[in-house]
1. Which residue, of I203, I220, I149, is touching a strand residue (DSSP E or B) at 6+ places or on another chain (Cβ under 6 Å), buried (at least 20 other Cβ atoms within 10 Å of the Cβ) and free of Cβ contacts under 8 Å to residues at least 60 places away in the same chain?
2. Within the range 129-146, track down each residue that is open to solvent by 40 Å² or more (accessible area, probe 1.4 Å) and outside any loop (DSSP other than H, G, I, E, B).
3. Please go through the range 340-368 and pick out each residue that is surrounded by 18 or more Cβ atoms within 10 Å (Cβ to Cβ), among the aliphatic types (A, V, I, L, M) and part of a helix (DSSP H, G or I).
4. Just the residues that are touching a Lys or Arg at 6+ places or on another chain (Cβ under 6 Å) and among the aliphatic types (A, V, I, L, M), please, taken from the range 219-239.
5. Need pairs with beta-carbon distance below 6 Å; first residue closer than 19 Å to G147 by Cβ and in the same structural domain as E13 (by the TED database) and within the range 90-113, second aromatic (F, W, Y) and not in a strand (DSSP E or B); sequence gap 6+ or separate chains.
6. Could you grab me the full set of residues in the range 24-39 that are buried (at least 18 other Cβ atoms within 10 Å of the Cβ) and assigned to a loop (DSSP other than H, G, I, E, B)?
7. What single numbered condition from (1) in a loop (DSSP other than H, G, I, E, B); (2) surrounded by fewer than 19 Cβ atoms within 10 Å (Cβ to Cβ) fails to hold for E267?
8. Can you name the residue in the range 182-199 that is of a type in the set (F, W, Y) and outside any loop (DSSP other than H, G, I, E, B) and is also farthest from T219 (Cα to Cα) among such residues?
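The values are calculated or read from the model by the stated rules, or taken from the named source; none is laboratory data. Treat the numbers as computed from the prediction; the structure is a model and nothing was measured. Cβ placement follows ideal geometry from the backbone for every residue including glycine, while neighbour counts extend to all protein chains displayed. For accessibility, only protein heavy atoms count, side chains too; no ligands or nucleic acids. Shrake-Rupley method; radii C 1.70, N 1.55, O 1.52, S 1.80 Å.
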Amino acid sequence: MNQTAEPKILYQEANPYGSLTAYLEDDGRSVYLYLQAEESLEFAIKSVWVCNRIDAPKSRTDLDLRSGLAPFLTEEEVTDPKGQPEFDPKEIHFIWSEEGNGVSLFYKEELIAYLPPWSGVKGFHGYSKYAKIDAITAYPLGNTEYGVIPDRISQDRNFWEYRSTKGIWKNIQESRLSYLEYVFGKHVQYWSADGGKYPQLGIVKFAPKEMPGVYIYSTIGMSAQNLPSVELYRKDYENYSRVELICAVKVSDEDRSESWVPHQIGEIIRYPWTMGKWFGHGHTISMNRRDPEALYLTFSSLAIREIGKEEGFPELNDLKSERQNPIKFLALIPIAEEERVFIEAEGADTFFSLLDSSQSKWIHNPERQSAV
C-alpha cells in the first residue's frame, strides 16, 4: 500500500488555556486528529480517525494493526470506499470545547470530525463524518448540521465568541465581586491571579466587620467557564461545572496570614484547566504553603467542601453564570496528613461531621487539634 515516508502534520493548535494541543496528521494511508497534553503527565494522548487516504481494503490484518501506523478503516466501516484527497491546510479550522479538553475539526466550513471530552473512556475515540458504523477508532458523526453533537459544538463556538467580546471580563469580574460584597461587605484587597494567561482570574479579600479576626479570600472568574472532566463523573454536570473557591481563616497576625493564603489559592486557581481535572466536594489538594499560625497540626492538604444552604454556612447559593447555570462556592479546609488519610478511608462527609463538632463548617482555625 502507498504511504508517505513520514507522517505529516497538516495543522496544529493549542487550546485557549495552553494546556492541550490538537493536530491533524496524514501518514499517506489515513488522517487522524490527535489531542495531547502540554503539562499533565497523566493525560493519555487521544485520537480519532478522520478518513482514509487510500481506497478502503475489504479487511484489516493483525500485521496492519502492528505496523506502527494508525489503523485505516475497512470498506464496510466507511461511507465512501474511495480514498479522500489531501486536506488543504488553509481550509482546516478547529473549534475547542468550552473546557478546552475536546476539539472539533472543520474543513471548508463543514464539520468533519469531533474528538469529545469523553474520548479515551472505555476504548472510545471520537466521531467522523466518514465513519459508517462503530469502528475501532471512530464512530459515525451523523448529521453534521443538526443534532446533539452539532448543537454542542455550536454552543462551544458561541462561548468563545462571547468571551472574545470587548469588555466581557470586566462584566464577569464585577458581577462576582458585587455578589460577594453583598454577602461579606466591601472588599479590602484584590489581586490579579492569571499571570496574563487565559482565563482571566482574580483573588479578593474581605474582612467582615461582623466576623472580627477572620479574613475571607475568594476566587473571581473561575466560574466564567466550565471545569473540565465533570461530565465524566456526573450526569448533571452542568450543575457542578461552575465554581469559585473560598478560603476563610482565623488570624492573629495579619502580615503572616497574607503570606500564605492568597499565594496558596493562586497556585491552584488555574489547576483545573492546566491539568484537565475538576474541583468538587470531597476532593483533596496538596498544599504547597505552610500556615505559620498552625499550633498543633501540620496542615499538608486542602479538603474541598461545598458551601450548602445549611445553618453555619454563608449565603452563597443563588449566584448564576452568564448561561444561568448555578455557581457553587467551594470552601478550602486545611487538613493534616492523618485527616487526609481518614478522608480516603471513610469519606469526606464523615470527616466533615467530626470537624463540625469542634469548629466552624467553613472557617479554618489554625489552632485546632486533629478531628480524627
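1. On the way: I203 fails: free of Cβ contacts under 8 Å to residues at least 60 places away in the same chain; I149 fails: buried (at least 20 other Cβ atoms within 10 Å of the Cβ).
It is I220.
2. Y139, P140
3. Selection gives I343, A348, L355.
4. Result: I220, single match.
5. Correct list of pairs: E98/F159.
6. First, pick out the residues of the range 24-39 that are buried (at least 18 other Cβ atoms within 10 Å of the Cβ): 24-35, 37.
If the condition is that a residue be buried (at least 18 other Cβ atoms within 10 Å of the Cβ) and assigned to a loop (DSSP other than H, G, I, E, B), then D27, G28, R29 are the ones that fit.
7. Single failed check for E267: (1).
8. Going through the range 182-199, the residues of a type in the set (F, W, Y) turn out to be 182, 184, 190-191, 198.
Next, only the ones that are outside any loop (DSSP other than H, G, I, E, B) stay: 182, 184, 190-191.
On the way: Y182: 16, F184: 14, Y190: 10, W191: 10 Å.
If we take residues in the range 182-199 being of a type in the set (F, W, Y) and outside any loop (DSSP other than H, G, I, E, B), then Y182 is farthest from T219 (Cα to Cα).
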